[in-house]
Structures are given as structure tokens and as C-alpha cells.
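What follows draws every value from the coordinates through simple rules; no lab data is involved. Every value quoted in this text rests on a predicted model; they were computed, and no experiment measured them. Positions of Cβ are generated from backbone atoms using ideal geometry, with glycine treated the same way; all protein chains shown enter the neighbour counts.
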Amino acid sequence: MQSLDHRKAWRGARTLGVLVAGALALGAIPVAAETPSLPDPPAAIEINAQPVPAFDTRDPARRRFGLLEFRGGLVLTSPAKQLGGISAIRVAPDGQQFIAASDRGRWLRGRIVYEGTRPTGIANSEMAPMLGADGRPLAARGWYDTESIAQDGDTLYVGIERVHRIVRFNYGRDGLLARGQPLELPPAIRKLPSNKSIEALVFVPRKLPLGGTLIAISERGLDAAGNILGFLIGGPRPGTFTIKRRDDFDISDAAPLPDGDLLLLERKFSFAGGVGIRIRRIKLNDIGPGTLVDGTSVFDADLNYNLDNMEGLSVHRSATGETVLTLISDDNFSPLQRTLLLQFTLAEP
């Protein structure tokens with residue numbers, strides 16, 4: 001049996017507990033609010049660049065390949081383990097500043113350094129995790145396989161293949177700390193194959209017929225006829241279209257040309273034939289709900305050339321009026337592959 005003193009002490013503690021609980025409920029005693037932790041700032045990383053002197057390993061003097069003329073290239077390495085898996089890139093109109101996406105849900109941005117028109121290095125490079133609307137890294141919630149980027153002025157769109165999502169970032173305002181807002185997407189995107197989903201994004205400039213439309217293209221989501229599925233999101237004529245699949249190539253990326261047409265970066269792999277890439281030109285005016293589009297090849301290459309798993313494509317117009325293509329490879333974080341940046345000039349036929 002408890003003593004009288006113990007019973008008094010217990011009643012006093014219980015009364016105090018009730019009073020404290022009541023005070024907390026009424027807000028009389030302040031409570032330390034849980035402040036969400038701020039994301040880490042972008043981290044500078046060192047990127048070493050080894051020049052690629054020739055694209056054709058058998059004929060180093062050769063510069064012309066289909067409708068492309070080789071400008072130069074770089075093999076990129078870094079002591080930072082985060083560098084790798086680069087699946088998309090957008091180069092600014094000045095041809096120097098760029099923003100890229102690693103398929104592990106990280107941003108990479110920096111500046112391409114040139115000697116004349118030949119790329120020679122990467123400067124001011126930094127990386128940061130892509131953030132969700134709650135400020136947490138997208139990868140922390142399983143949203144990775146970030147495979148594509150589209151740009152509308154200060155706004156960036158990122159396609160996430162694994163979860164069939166597209167996320168919008170106010171990059172112009174918040175830079176690498178921008179928080180992504182998921183878009184409402186057509187239900188058919190959810191039915192794409194889990195590892196062959198959204199692989200290319202293009203935002204159509206508003207002055208063009210499909211202006212304001214976000215074009216999303218699957219890697220190998222196929223219709224009943226075996227053609228590649230694409231989606232028109234927003235804009236004046238939303239819907240679904242298809243791209244003629246040829247020679248077992250899949251889509252790796254897409255980029256708009258200054259005249260409004262699209263360039264599709266395609267790739268294929270087989271143990272018998274190895275890796276192949278192709279760039280096909282598609283007329284934007286041919287694209288619309290329910291259409292099947294095709295295009296002509298402007299460039300084909302295989303492992304006889306200096307390439308790797310090329311996944312990213314960007315196009316910009318140089319100060320001298322040339323149309324410049326920048327390609328980048330996804331090394332899959334494998335020591336057997338490379339992060340390779342290549343540049344070409346597009347010649348008109």
C-alpha cells in the first residue's frame with residue numbers, strides 16, 4: 001500500500017499534467033514547431049575533360065557524317081561519385097551554360113568551355129538533388145529514372161520513367177533548389193511499360209501551331225501496330241500520336257530545331273550488332289492527335305565511331321547562325337562505359 005505522501009505526490013503530478021495539457025491545447029505554453037529541414041545547397045564538383053580528337057576512329061581526318069559535321073567532343077570524369085547516368089541535357093542559346101539530368105534524380109549544371117568552336121572543358125559545375133513539392137529529394141520517394149528535360153523559358157519539365165510522371169520546376173526563380181510540381185497526365189501514360197516509358201520531352205514554342213504543348217514520347221511504348229506512342233499534353237490540341245518505329249530503334253531523346261521541326265535521337269542494342277544510334281528529323285506540322293509520323297535520317301553511327309550510350313540531345317543556334325547539336329551519354333555508372341559529350345553542326349540538305 002502506498003504511503004499518504006506518495007499518494008499526495010501522485011495526485012499532484014496528475015493535476016500538473018492535466019494543467020499542462022490544457023495549457024498546451026489553449027496555446028498558453030509555446031510548443032517548438034517541427035521545422036522541415038532545408039535542402040542542402042548545390043555542391044560544386046570537379047569535372048575533368050579529355051578531348052575526343054576524332055569521331056571516326058578509323059579515319060580521324062573525316063569530319064562529315066550524314067548531315068552532321070563533327071565539332072569536337074569530351075570524355076567527362078570526376079572524383080565525385082555522383083557524376084554519371086546523364087540522360088538529358090539542355091544547352092542555353094549562348095552555347096555555354098547547360099542544365100542536365102542524372103537518372104538518379106540529380107541536376108547537373110555548368111558551362112562548356114571552347115577553343116574556337118571546339119569544346120575543351122567544363123567549368124563552374126555543380127550538382128543537387130531534384131526536389132519534390134515537399135522539399136525532399138524526388139529519389140527519396142522512389143521518383144527516379146529521370147530521363148528527359150523540356151524547357152519553356154524559365155520553366156523546366158522533367159520526365160520520370162519509372163513512375164510515369166512529369167514534374168514542373170520554376171528553375172528561373174529558384175534554380176537547383178526549385179521544387180517540382182507533378183502534372184496531371186493522360187491516363188494512357190500510366191499504361192506504358194515500366195522501363196520503356198517517358199524518354200523524351202519537348203515544349204513547343206508558343207508562336208508555332210502546337211504552341212504551348214508539351215510533347216512526351218515513350219522509349220518503347222508501342223501501339224497495336226508496333227509504332228511508338230507520343231502524347232500531346234496541354235496546348236490547343238491535346239491527344240495521342242504515334243511515330244513509325246524503324247529497324248528496332250527506340251527513342252532516347254528529342255529536341256526542337258529553330259525552324260520548329262523535331263530531331264529524334266534513337267538507339268538500338270543487340271549482342272550481335274552492338275550499339276547503334278540514329279537522328280531522325282520529324283516535321284512538327286505533321287504531328288497532331290491520331291497522326292502517325294515518320295521522318296528522314298540525318299545521322300547514323302555504330303561502335304566503329306567514338307560513341308557510347310547516347311541518351312541526351314540538345315539543339316541551339318550559334319552566334320554565327322549555325323545549328324549546333326550537343327549529345328551526351330549515360331554511362332549507367334559503369335566502369336566499362338563513358339560520360340561522353342559530342343557536338344556537331346547540322347548542315348541543311
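Taking the chain, how many lysine pairs are there with alpha carbons less than 17 Å apart, if each pair must be eight or more places apart or span two chains?
Number of lysine pairs found: 5.
If you compute Rg/Rh (Cα atoms, Kirkwood Rh) for the structure shown, which of (1) 1.42; (2) 1.16; (3) 0.95 do you land on?
The value computed from this structure is option (2).
Please give the per residue volume of the convex hull enclosing the alpha carbon atoms of the range 256-295, rounded to a whole number of Å³.
Details: hull volume 3.1 nm³, N = 40.
Normalising the Cα hull of the range 256-295 by residue number yields 78 Å³.
Applying the Karplus parametrisation 6.51 cos²θ - 1.76 cosθ + 1.60 with θ = phi - 60° to the phi angles of the range 294-310, what ³J(HN,Hα) value in whole Hz is obtained for each residue in order, glycine and proline being reported as x?
Going residue by residue, I get 9, x, 9, 7, 10, 6, 9, 7, 9, 6, 6, 10, 7, 9, 9, 7, 6 Hz, with x marking Gly and Pro.
Please report the antiparallel percentage of the DSSP beta bridges confined to the range 216-290, to the nearest 5. Mind dumping the intermediate values first?
Numbers: 23 of 23 bridges.
Given both bridge residues lie in the range 216-290, the antiparallel proportion sits at roughly 100 percent.
Between the DSSP loop rule and a limit of at most 14 other Cβ atoms within 10 Å, which GluC sites (Glu not before Pro) in the range 92-186 are left? Show your work: numbers first, answer last.
Working: sites: E115, E126, E147, E161, E184; in loops: E161, E184.
Here the GluC sites (Glu not before Pro) that fit, given the DSSP loop and packing criteria, are E184.
Among L210, L201, L313, which one shows the biggest mean-square fluctuation in a GNM of the chain, springs joining Cα atoms closer than 10 Å?
Looking only at L210, L201, L313, the largest GNM fluctuation is found for L210.
So for the chain, averaging the separation of alpha carbon pairs under 8 Å that are six or more residues apart and normalising by length, what relative contact order in percent results?
Working: 852 pairs, mean separation 55.8, N = 349.
Answer for the chain is 16 percent.
Restricting to bridges with both residues inside the chain, how much of the DSSP beta-bridge set is antiparallel, in percent to the nearest 5? Kindly include the intermediate steps, with their values, before the conclusion.
Details: 103 of 106 bridges.
Among the beta bridges of the chain, antiparallel pairing accounts for roughly 95 percent.
Using a Gaussian network for the chain with springs between C-alpha atoms less than 10 Å apart, which of these wobbles most: T213, T146, T291?
Most flexible of the set in this elastic network: T291.
Under 5 Å between amide hydrogens, which residues at least 5 positions from G105 or on another chain qualify, with H placed 1.01 Å from N in the peptide plane?
Residues meeting the amide H criterion: D145, T146.
Under a point spin-label approximation (7 Å from Cα along Cα-to-Cβ), what is the K81-R62 distance to one decimal in nm?
Inter-label distance under the simple model: 4.1 nm.
So for the range 67-218, averaging the separation of alpha carbon pairs under 8 Å that are six or more residues apart and normalising by length, what relative contact order in percent results?
Numbers: 319 pairs, mean separation 23.7, N = 152.
Over the range 67-218, the number comes to 16 percent.
Using label points projected 7 Å from each Cα along Cα→Cβ, tell me how many nm separate N195 and E126, to one decimal.
That separation, rounded to one decimal, is 3.5 nm.
Report the local net charge at N195: Lys and Arg +1, Asp and Glu -1, summed over other residues whose C-beta lies under 12 Å from its C-beta.
Every neighbour counted, the sum reads -4.
Mean projection of the alpha-carbon convex hull of the range 268-349 over all orientations, in nm²? Please list the in-between numbers first.
Numbers: hull surface 31.2 nm².
Average of the hull's projected areas for the range 268-349 equals 7.8 nm².
Taking H as built 1.01 Å from N, whose amide H comes closer than 5 Å to the amide H of T240, not counting residues under 5 places away?
Amide H neighbours of T240, under 5 Å, 5+ apart: L232, G290.
For F65, list long-range residues whose amide hydrogen, built 1.01 Å from N in the peptide plane, is under 5 Å from its own amide hydrogen.
Here the answer is F70, since their amide H atoms fall under 5 Å of that of F65.
Going by how many other beta carbons lie within 10 Å of each one, how would you line up K191, K207, fewest first?
Working: K191 11, K207 8.
Neighbour counts put them in this order, fewest first: K207, K191.
Using a 10 angstrom cutoff on alpha carbons, build the Gaussian network for the chain and name the most mobile of F241, F203, F333.
Highest fluctuation among the options: F333.
Could you compute the FRET efficiency for E322 and A140, with r as their C-beta to C-beta distance and R0 at 56 Å, rounded to 0.05?
On the way: r = 42 Å, r/R0 = 0.75.
Taking R0 as 56 Å, the efficiency between E322 and A140 is 0.85.
When the helices in the chain are scored as -39500 (n - 2.57) per DSSP H run of 4 or longer and the sum is shared across all residues, what 222 nm value do you end up with, to the nearest 500 deg cm²/dmol?
Details: 2 runs with 27 residues, N = 349.
So the helix-based figure for the chain works out to -2500 deg cm²/dmol.
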